[in-house]
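Here is the structure we will look at.
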């Protein structure tokens, strides 16, 4: 029998970005999914995903529609949160090359440089070895789109993968962040890792 | 840990993935760095850099071409969000120039005067991704076959009249729906009628959606217009003349962004629609003689 603990309820922040592909990947990894656009939709979640998208847009809409403070509070209380690309930016305590008014949720003691890998003509895919994934010997095909990288890391932050010597997958406690976009591929091992993190906490 | 031999740019996944990141967002036409900043501040996911918005192209006439590289550079330097720019249909050298300038997406656009009345650009030959307009499913599939990584329904640019945007979006959606209900052996004829490759038609029939992101464009002028197009199945919105030809561009831009996110929430759309001042005056598409309609360009 499948219990709620086996199928945690994970929210996907849905103000803008690649929400549907994260939802599909989370469901494939064994979670139930709820789109989150309003503060009350955060209630009862076991975890939250901040999708890839345009970080300036996501930040602005979160502040306007009252999501910024509640999400910060959930992070402080230890809710597992995973951010890809724009989501990684939103989980960084500090950012570089952001919009002048841009604010992040923070939570991971790191400095992330926005669009560090360059413009779209520099966007790329490459094979990575990522610590903590199932089948560790099988390379993970990672898609980087105008992607950020991590320039400074706190002591408590664990690096799970690097590309061109830059950390591109990191974990601190219940928070997970990647520069790349697992949601645009059919390899769901990163989402499985996050669902495991959520189950372990629940 | 990096393995340079596996590193690849300009792949289909990288090109289509870029459009995935724009979903649920608004892309705004801008003609100056100042307008680009207003768009970014309002929450645009990208800006389209061009010399004249479609309403002015329509009013002023003449041949309309790719923008001045200095002007595109100025906009690229003014904002941190992605910058798109338009090339004429079939003008592959304009596209080469835009790629060399570092724009993030090229719009092979019917808003500019076509450079080739037979062939579109071979978009597979580029690292930068392309978005193309379509009035129906066959046109969308032909553009995807040529390498387009994103489609926008055309509508009728520069009018502020949303009726063609709804017609094109409904047409694409209905034709996809029709494919999903067909028997496998009927898809051969469907491919012939759509003038598109059988394999692509089969993929659309199986998935019930295009293999690329579908935005809407052409005549969107209000928050309610944007929300309606989202409810009709658009995954995001291009707004051209509708913002900077209106009375209060910054407020209107921000309101259209909010209405796109909350497209299914009438209370929010009502709230953001207040106090925006004059919408662009606009032209009824019916008043434009057919040969002067931009949506007729491209095939």
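We did not get these values from a lab; they are worked out from the coordinates using the rules stated. What you see is a predicted model, and the numbers here were worked out from it, not measured in a lab. Backbone-built Cβ (ideal geometry, glycine too); neighbour counts: all protein chains shown.
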Residue by residue through B:79-86, how many Cβ atoms from other chains fall within 10 Å of the Cβ on average? 4
To one decimal place, what Kirkwood hydrodynamic radius in Å is obtained for chain A from all pairs of distinct Cα atoms? 16.5 Å
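Which ordering of B:294, B:101 is given by a fewest-first count of other beta-carbon atoms within 10 Å?
On the way: B:294 25, B:101 20.
Ranking B:294, B:101 by Cβ neighbours within 10 Å, fewest first, gives B:101, B:294.
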For the protein assembly as shown, give me the percentage of DSSP beta bridges that are antiparallel, rounded to the nearest 5 percent. 30 percent
Ascending count of other beta-carbon atoms within 10 Å, so fewest first, for B:100, A:179: B:100, A:179
Modelled label-to-label distance, residue A:164 and residue B:288, 7 Å Cα→beta-carbon offset: nm? 4.2 nm
Defining a contact as two alpha carbons under 8 Å apart and six or more residues distant in sequence, what relative contact order in percent does chain A show? 21 percent
Considering only B:221, B:196, B:234, give the residue with the highest GNM mean-square fluctuation for chain B, with springs between Cα atoms whenever their separation is below 10 Å. B:196
Report the dimensions of the protein assembly as shown along its three principal axes from the alpha-carbon atoms, largest first, rounded to Å. 65, 55, 44
Given the DSSP H assignment, sum -39500 (n - 2.57) over each helix run of at least 4 residues in chain B and divide by its residue total; what's the result at 222 nm in deg cm²/dmol, nearest 500? -12000 deg cm²/dmol
Could you tell me what % of all Cα pairs in chain B have separations over 28 Å? 34 percent
Name the most mobile residue of B:162, B:63, B:213, meaning the one with the largest mean-square fluctuation, in a Gaussian network model of chain B with Cα contacts below 10 Å. B:63
In a Gaussian network model over chain A where Cα atoms closer than 10 Å are linked, find which of A:70, A:182, A:148 has the largest mean-square fluctuation. A:70
Just to confirm my numbers, what's the Cα centroid distance between region B:35-62 and region A:122-140 in Å? 40 Å
Take peptide A:52-64, look around each residue's Cβ out to 10 angstrom, count Cβ atoms belonging to other protein chains, and average those counts. 6
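So what is the relative contact order of region B:1-145, in percent, for Cα pairs below 8 Å that sit 6 or more residues apart?
Reported relative contact order: 20 percent.
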Percent relative contact order for chain B, counting Cα pairs under 8 Å at least six residues apart, stands at 19 percent
Give me the number: length gained by fully extending residue B:60 to residue B:195, i.e. 0.36 nm times residue separation minus the C-alpha to C-alpha distance, one decimal in nm. 45.1 nm
So what does the Cα-only Debye profile of region A:22-68 read at q = 0.21, 0.27, 0.28 Å⁻¹, as log10 I(q)/I(0), no solvent term? -0.81, -1.10, -1.13
